[in-house]
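Have a look at the structure below, then the notes.
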Amino acid sequence: MIKPSNLTHFCNDHDNKYFAVFNVGDKIAKNFEVPYETTYLFDSVQINDQIIFTGGGMSATKTKREQFFTTAIKVVIEMEEGDFKPTKLAEMNVPRANHTLAALNHELLYVVGGWNSDGEIAACEEYVISKNQWTVCASLNEAKMWTTVCPVNGRYLYAFGGSAKLKPKELGTIECLDTNDKTAKKWTKIVLSAGADIWPCCFFMGGIQIEENSVILFGGLQNESKLDSSFYFNPGMKTITKGPSLMKKDAFYRSKPGINGNEVVIVGSTEGDLHIYDIVNKSWNLMLKATWNSDQSAILKSETY
């Protein structure tokens, strides 16, 4: 679980790539240019205040648009020096874009689903940080991209929703991987015992574990419209219950939440607004991009889906 004083949002469009680092204490945003080859439709995951991993993607050059990457990169951010240091890592086994990266216990990374020239991907991979090694692991039951992946209790990964086609077909499926079971060939399909009637089919949701038996899921896209709904998922009971609405409809494409004290903080991928969930009071607050204390905050523009 990310507990940052700095929340890193790794953004790009077809012409630029940059980190947007938001200090959740001082409410100051700072941007860093990325020097290596421009790709897009990749994903990234933050494991602490200084280190972020990125991987995959496809060429941003129109003449090479069918070129998919297996590249993985570690970036060490030096906030005080205003710089960061990228290091190329071992490459993934399967080239992919529109996938999801998740981190577990600061020791393991997982790449889940995605899409390449062969279509949607069910294959997943595990990366051991200390060994700089990728290994193919259990596959999803359903090939998909844009799924929301949440680590739970330092052992399990839950994949919520996603899309089965590039021209979106929203999914409402939930799957689980027990990362301790290295013999598993497939993730486990979760059948809800309650809440299936209110659970939406969508993608680009935000999600994070907030208590031992509670994951909050929020926002997303459905029928090309942004959502403001939130839900609590209980992994032990396998139930979905309704949570408070966001103050503004938003999607969270390639934006990962973190926990700061009793707050969940996440940057929306539509206009760069900061959404803040109060875990104790179970309520949402919103900091509009225009109120950020930064001359460069305007660079957090809309993502290209």
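The values are calculated or read from the model by the stated rules, or taken from the named source; none is laboratory data. Remember, it's a predicted structure, so these values are computed and weren't measured experimentally. Accessible surface areas use protein heavy atoms only, side chains included; no ligands, DNA or RNA. Shrake-Rupley method; radii C 1.70, N 1.55, O 1.52, S 1.80 Å.
Of the accessible area of segment 97-226, with the probe set at 1.4 angstrom, what percent is carbon plus sulfur? Before the final figure, lay out each step's value.
Numbers: 2530 of 5450 Å².
The computed percentage sits at 46.
I'd like to check one number: the per residue accessible area of segment 141-201, probe 1.4 Å, reported in Å² as a whole number. Working shown, then result.
Details: 2950 Å² over 61 residues.
Result: 48 Å² per residue.
State whether segment 161-243 is rounded, prolate or oblate according to the following rule on the C-alpha gyration tensor (a ≥ b ≥ c being the square roots of its eigenvalues): a/c under 1.5 gives rounded; otherwise a/b larger than b/c gives prolate, and the remaining case gives oblate.
Judged from the Cα gyration tensor, segment 161-243 comes out oblate (a/c at least 1.5, b/c at or above a/b).
Please state the shape class of segment 123-272: rounded when a/c is under 1.5, otherwise prolate if a/b exceeds b/c and oblate if not, all from the C-alpha gyration tensor.
Numbers: a/c = 1.40, a/b = 1.35, b/c = 1.03.
Because its axes are fairly even, with a/c under 1.5, segment 123-272 counts as rounded.
Can you tell me how segment 206-278 classifies by the Cα gyration tensor, rounded, prolate or oblate, using a/c under 1.5 as the rounded cut?
Values: a/c = 2.04, a/b = 1.31, b/c = 1.56.
Oblate, since a/c reaches 1.5 and b/c is not below a/b.
If the limit is 30 Å between Cα atoms, which of Lys186/Lys248; Lys88/Lys256; Lys182/Lys248 go over it? Please list the in-between numbers first.
Working: Lys186/Lys248 37 Å; Lys88/Lys256 22 Å; Lys182/Lys248 41 Å.
With Cα atoms farther than 30 Å apart: Lys186/Lys248; Lys182/Lys248.
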